[in-house]
1. Leaving ligands, DNA and RNA out of it, report the carbon-plus-sulfur percent of the accessible area of region 32-73 at a 1.4 Å probe.
2. First measure r as the distance between the Cβ atoms of F34 and N124, then evaluate 1/(1 + (r/R0)^6) with R0 = 35 Å and state the FRET efficiency to the nearest 0.05.
3. If you stretched the chain out fully between A131 and S24, how much longer would it get, using 0.36 nm times the residue separation minus the C-alpha to C-alpha distance?
4. Explain nothing, just compute: Karplus ³J(HN,Hα) = 6.51 cos²θ - 1.76 cosθ + 1.60, θ = phi - 60°, for every residue of region 110-121 in order, whole Hz, x for Gly and Pro.
5. Given a 1.4 Å probe and heavy atoms of the protein chains only, how would you sort D47, D112, largest accessible area at the top?
Amino acid sequence: LFNKVAGVYGLIALFTGGSAAQLSLYIYSVCGLFAYLWGLKAVSSEDADKSTLTAHIFLLDHLIGTLWTAFFGVDWWIFTPHDGKRVTNSPAQIELATGGAAVGHHPAATTDAQRAASALQLWNQEKALAATVIILGWLLKLPSPT
């Protein structure tokens, strides 16, 4: 349910930039929010047919969520360059990235090669933890055997 509510925030955040894949996921999450609310009402009515349908919807949502996690994970690990180049999607992000007046300091000048080497070193240190968090999060979503 929390992820579905976060879809509303994601739609708002897209005003600062984002991809079509992110947009489709956020729209799906908002639609899923209404399905979850209907499912909660259906289960509370104690109607066997509606409860079974709700269980199937939740399972389908889990499978779709798993596919999206795999898609974004592969995109991040394989296709996203980890070169330290800052991606800026709005004037406010540009201000922060360049260390302007809003930040109150100016970052030390580094060459592109130094930045890329530093980013790669950090990525190599952090990618195992990132993968662990994603996998544990997915495992927590698995339906419990009852």
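1. Numbers: 2080 of 2820 Å².
Reported share for carbon and sulfur atoms: 74 percent.
2. Details: r = 42 Å, r/R0 = 1.20.
Efficiency computed from Cβ-Cβ geometry: 0.25.
3. Numbers: separation 107, 0.36 × 107 = 38.52 nm, distance 2.34 nm.
Answer, rounded to one decimal: 36.2 nm.
4. Calculated HN-Hα couplings, in order: 10, 7, 4, 5, 5, 4, 5, 5, 5, 5, 5, 4 Hz.
5. On the way: D47 60, D112 105 Å².
So the residues, ranked largest to smallest area, are D112, D47.
The values are calculated or read from the model by the stated rules, or taken from the named source; none is laboratory data. This is a predicted model, so every value here is computed, not measured. Don't worry about glycine lacking a Cβ; one is built from the backbone with ideal geometry, like all the others, and counts go over all protein chains shown. For the accessible areas, the whole protein counts, side chains as well, though only heavy atoms, and no ligand, DNA or RNA atoms are used. Shrake-Rupley method; radii C 1.70, N 1.55, O 1.52, S 1.80 Å.
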